[in-house]
1. Out of the residues in segment 658-715 meeting the condition of being in a helix (DSSP H, G or I) and touching a Gly at 6+ places or on another chain (Cβ under 9 Å), tell me which one is nearest to residue 636 (Cα to Cα).
2. On the given criteria, is residue 122 part of a loop (DSSP other than H, G, I, E, B), in the same structural domain as residue 216 (by TED's automatic domain parsing) and farther than 28 Å from residue 320 by Cβ?
3. Considering only residues that are of a type in the set (Asp, Glu) and free of Cβ contacts under 8 Å to residues at least 24 places away in the same chain, look in segment 102-144 and name the one that is farthest from residue 243 (Cα to Cα).
4. Going through segment 142-156 one residue at a time, which ones are farther than 18 Å from residue 282 by Cβ and not hydrophobic (A, V, I, L, M, F, W, C)?
5. Considering only residues that are surrounded by fewer than 20 Cβ atoms within 10 Å (Cβ to Cβ) and either among the polar types (S, T, N, Q) or modelled with pLDDT of 95 or more (or both), which ones fall in segment 446-456?
6. Spot the failing condition for residue 349; the list is (1) part of a helix (DSSP H, G or I); (2) surrounded by 22 or more Cβ atoms within 10 Å (Cβ to Cβ); (3) assigned by TED's automatic domain parsing to the domain that holds residue 28, and only one is missed.
7. Which members of segment 514-532 meet the condition of being within 15 Å of residue 480 (Cα to Cα) and of a type in the set (Gly, Ala, Ser)?
Amino acid sequence: MNPQPYIPGFKPADAGPLSRFLPALEDGVVSGWLSHLAPPFDAARPSGALQGKSGSWLLDPFGFSPKLALEAARSGFRVLVTANNPITRFLLEIFADPPPESEFTAALADLGAVKKGDERLELHLQSLYLTQCEKCESQTHARAFLWRRGEDAPYAKIYDCKHCGDAGERVATDADRENAKRIAATDALHRTRLFERVAPLKDEDRIYAEEAIEHYLPRPLYAIGTILNRLDGMTLPTLRKRALTALLLLAFDAGNTLWAHPAGRPRPKQLSTPNQFREENLWTMLERGVGLFAGSGSPVPFEAWPRKIPETGGIVIYEGRLKDLAHEVKREIPITAVVSSIPRPNQAFWTLSALWAGWLWGREAVEPYKIALRRRRYDWAWNATALYAMFSHLNELLADGVPVFGIMPEPEAPFMTSALTAAQAAGFVLESVALRTEHDPAQVLWKSGSKPTPAPLEIETIRKGAREFLSARGEPAGYLHVHTAGLIALAQSNALKQDGDEWDVAMRKTQNAMEEALKGGKEFAHYSSGEAVDTGMWGPATARRLQRRSAQDESLSDKVEAAVVTYLQKNPEAIYLEVEGELNKQFPGLMTPSKGLIYAVLNSYADKDGGIWTLRREDYAAARRDEMQKVFDLIEEIGKRLDYKSKQEGRILTWFEQGGSARKFYVLASALIHRALERADEQTVIVIPGGRAALAAYKQERDPSLKESLKKHRLVKYRALRGLLELPILTRETFEEQIVSDPVEKAVGQMMMF
């Protein structure tokens, strides 16, 4: 296997419409991978395949991320997307060709002007959220009410009073509670009407729609039902109706009880109401949504299958399942590559999608997607089974050797196991897994091929993979990285799944083998306060850790530090993305350094002016050599005052008395502390510049083995030693006291991303 560099995005995942359910993908990752999609990839394609990028066809078989397909299309590719979920399909269409902002504004104005009795709908819906300002006692609109699960009235409210400026969270009044109960009194009627839009009275799936709607309070449900009833009677131009439909999706999402307060569980996977939650003002949410869709980027040509799109790029949406498309694609479209976000179970979004589709487009829209209403539990064995079916259909329509770039948001060990196992069982060959942290999407590269003959699952295969990974890393790693290293080893041996094993059995076997490989024996050290294998960090056992021989065995953090400094010396003015891109090339696959580590090194060595990082003058090699020599001279002078003789050998200066060593000083210009520890004994003091203190502290926080080792040694800053010469009275006792008076601590606000 050839590990590929992790592709960083140039812009974080945005908080756009329905972002808490959609994959959190950074801008630039897909286009970054596609920029390298040219011969030799295309050279291996069958005759008739398009060479290069222009007009080439990509396939997104999961259709889980509208953002991904749009970025690929804007990179000049034609993208075929299978989109079985009517909500993600609509989002893809609206993002590809958003109506102008004026249409969103006009759509909301048209809706607000519709009458509810003698009252404008906008005023009527806003009146549902009227509350009294605690300070000036004027009537104002609440932005949200706060509830406790199981109670029949809100306990607090959030508002911004336009009369006196009072704002924030305040206790709900009796009037607020009575208003909520008054609306709840007619709740059954409005729920029944909304059930009917999804499933009729005698439909066997109606019970599932009723369970889903239980996650809506009476007030938002009344507002949604009232809006939909008025919408049915409105005649709007097509463009304006699309704009209003998009805004309604925001209201549907804002109206459910999955919004924890204080903010927590930001990406819900289950339909589960938190103990405390927010009830948003739905009209306010509609107003906020006007700019969200209109600002979604440049338009992209899109059509429904089988209509044509320009060779310059665009999107073709297939409204169905991949298996129904397979033979048509193989016959008509030469797929150059596959790029997709690999879906993970999300009962909340899939169930709500079926509900929302019925509200917007009626029962017919729900019918192909009703399975999402019926299924209440999605486990990892189910996920592996579903992924295997998709990967099998995908492999049928691809020629051998077609690259498949899969992005896995929110990676965790069972998700990684299910995806890698399903893909291999379907005939895909694992080429690379690039992983930054457990908070960042994993990037997986496969190639289509033939189904392998399974080999036996052997625990030693996992141990060997974990051992080689940890040896190369030179420091402990989180369980996800170690687990993935074991999975890669099993994939290379074709041992992820045995013939005849059901998916739940295969998943369980793999997990049991992982636990036995790590916990059975004395080869690995577990740094954790808990016993579970997936907690804390894992590293080589102490005896093996001390067997390092060369710079190749240095810790990842030390190697990253050296690489950053080398890059800045060669490139005096650099932006962060340039530094990160170079480091990811040097440390590909599972070795990808975190943003936190890179920033910790940059902050230690460089100054930032705007977006430009420049190596500090004092950190150029010549300046640091001079500074180190001054420190050696300083230590020797202190030794004389304490009646010690001194001798320097390389980076180590030793104090002697009566023929034996009394104290050793290992002087560093860097924070490469692992290097010093290789030659340190109990007498050794490790001396570092003050500018390295925060970096050294950061390394200890991310590396429990380093923190443990440093308990046996003093870590002292240059400035602490300089201060000793200024003391009027310096004794051996006061020396010991003074060198611990300026401890090495992490910087305030240090980004702690491991």
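The values are calculated or read from the model by the stated rules, or taken from the named source; none is laboratory data. This is a predicted model, so every value here is computed, not measured. Neighbour counts are summed over all protein chains in view; Cβ atoms, including those assigned to glycine, are modelled from backbone coordinates with ideal geometry.
1. 674
2. Criteria not met by residue 122.
3. Among them, the one singled out is 137.
4. Listed by number, the residues that qualify are 148, 149, 150, 151, 152, 155.
5. 447, 450, 453
6. Against the list (1) part of a helix (DSSP H, G or I); (2) surrounded by 22 or more Cβ atoms within 10 Å (Cβ to Cβ); (3) assigned by TED's automatic domain parsing to the domain that holds residue 28, residue 349 comes up short only on (3).
7. Hits for segment 514-532 are 517, 528, 532.
This table checks each residue for (1) within 27 Å of residue 395 (Cα to Cα); (2) of a type in the set (Val, Ile, Thr); (3) at pLDDT 95 or above; (4) out of contact with any His (no Cβ under 8 Å at 6 or more places or on another chain).
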| position | (1), (2), (3), (4) |
| --- | --- |
| 67 | yes, no, no, yes |
| 81 | yes, yes, yes, yes |
| 95 | no, no, no, yes |
| 109 | no, no, yes, yes |
| 112 | no, no, yes, yes |
| 117 | no, no, no, no |
